[in-house]
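What follows is a short report on a single structure.
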Amino acid sequence: MATIEELNKDYSKENNILKKLTSPGGLKDKITQFQADLDLAVKDFKEKKKKKEYALSRNDRATADMLEKDLETIRKNVLDLRDKIQKASDFLANQQKIVDEKFEELSKDPEIKQKLDSILYKKYDRKKKAELNKKQQLETIKQIVDAHPNIQKWLKGIEGYEKSIRKCDKIIDKYKATPPSTPEEQKDLSDAIDEKNHSTKSLADRRSDLVDYFAKNHPEIDKNILENIHSYGNIDRQIAGCEKSINNYDKAMDNLSVAKDTNVVNQTSPSSLAPVPAQKPSWFHPIQRLKYSINEWRARRTQNIEPNPIEPNASAKSTFLEDVKLSKDEYNSEIVQKYLNEQYQENLHKVARQKGNDSNERGE
Amino acid sequence: MENDFINITNEDLEKLSLEELADLKIELDDLVSKVNDMLKTCDDILNKDN
């Protein structure tokens, strides 16, 4: 008979698919590495291309040709990288297909589908909130960096040292496969090891400068976010990545059968997550703004409601107007007029009820 | 690369709870989206007209 330890080992083995995917050195890590390599290649490519265009504009053919050679080298590196990414993509697509088929199979049972959709909705919602929070922090970091030349220097340093470490790693890897045989090759390897050591130490120093500055002056900024910034341009790319993820989660949530279930929405507003200030989207439609104002006004009115009934009079309208500051058009809009009529009728009923109560009390 | 990482089988999935299955799906969807974006970036660079 299997012991508890054996059962536990088996269970862990069978349930660690996600861990394998996301653990250090796992596929997710590799993809992050590919992304960083690609970002550097894109940056180099853009810089060299601009320089080439400038050289051409000055009829400096020699420089332009030299830069074109550099661009070709970058393209070759990107092609190699693309092969690796394509392999990861094929592999992931295959794994995704297996998981999606399992979902389809399970979803044939409406009860399980409901449960699965509800779980997915909650998880997407949580991830979306985390991405919103990350995006907001990155935007704050960007504002701070823009205002502080020293931080810009540290980021420049981080970018340079990381680039140097990558370059040295390539040389070291090359000699791992084929050990150096000539004195020049031995020196090449030795220089790469020295440079890597120096860059690694300097990188740690600059990273520490960055993290310490924020810990002291902006402790609300998550240390993990700071540790994953690789350059100034990387901040914008990460913000764009957050926006893409948020859109993806929104789309995924819209496709779930529970998307309009308000109970689920209420359950999935985790107060434990870092607070993200409510943002009114730029497309906030005038009518929605109006409804929003009316709801706010109603909420305030409920809190401050007088214990005694108010006689229906014009002051109700002026209070409303003062509170929500409606324009003339908004005031005359159907929704506001409907609301005012409702209030008027409601007050009439209240007064009638109160009068009825008073006469009953007097009759007793 | 396939040998270095996970290789999910239907039997593996049978043993996962719905929560774990959902986590796996979300993680895979995220990675697939990321990888597709990267492929597009590579193609932009490799396109000589760019």
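The values are calculated or read from the model by the stated rules, or taken from the named source; none is laboratory data. Bear in mind that the values here come from a model prediction, so they are computed numbers and not experimental data. FYI the Cβ positions are ideal-geometry reconstructions off the backbone, even for glycines, and counts take in every protein chain you see. The accessibility values were calculated without ligands, DNA or RNA, using every heavy atom of the protein model including side chains. Shrake-Rupley method; radii C 1.70, N 1.55, O 1.52, S 1.80 Å.
A few comments on the model shown:
- B:Ile45 being farther than 28 Å from A:Glu104 by Cβ and either buried (at least 18 other Cβ atoms within 10 Å of the Cβ) or modelled with pLDDT of 90 or more (or both): yes
- Screening A:Ile165, A:Ile74, A:Ile151, A:Ile144 for residues that are more than 25 Å from A:Tyr249 (Cβ to Cβ), of a type in the set (A, V, I, L, M, F, W, C) and in contact with a His (Cβ under 9 Å, 6 or more places away or on another chain) leaves exactly one candidate, A:Ile144.
- Exclusive hit being at the interface with chain A (Cβ under 7 Å from one of its Cβ atoms), part of a loop (DSSP other than H, G, I, E, B), surrounded by 14 or more Cβ atoms within 10 Å (Cβ to Cβ) and at pLDDT 85 or above, set B:Leu39, B:Leu16: B:Leu16
- Whichever residue in the stretch A:120-144 is aliphatic (A, V, I, L, M) and surrounded by fewer than 19 Cβ atoms within 10 Å (Cβ to Cβ) and, among such residues, is farthest from A:Leu210 (Cα to Cα): A:Ala130
- Some residue of the stretch A:217-237 being over 21 Å from the mean Cα position of the chain (by Cα), more than 14 Å from every other protein chain (Cβ to nearest Cβ) and either more than 27 Å from B:Leu31 (Cα to Cα) or not in a helix (DSSP H, G or I) (or both): yes
- Residue pairs meeting the criteria (Cβ under 6 Å; at least 6 apart or on separate chains; first over 12 Å from A:Leu27 (Cβ atoms) and facing chain B (nearest Cβ under 7 Å), in the stretch A:80-108; second exposed (fewer than 15 other Cβ atoms within 10 Å of the Cβ) and of a type in the set (S, T, N, Q)): none
- Within the stretch A:183-231, the set of residues being polar (S, T, N, Q) and open to solvent by 60 Å² or more (accessible area, probe 1.4 Å) comprises A:Gln186, A:Asn197, A:Thr200, A:Asn217, A:Asn224, A:Asn228.
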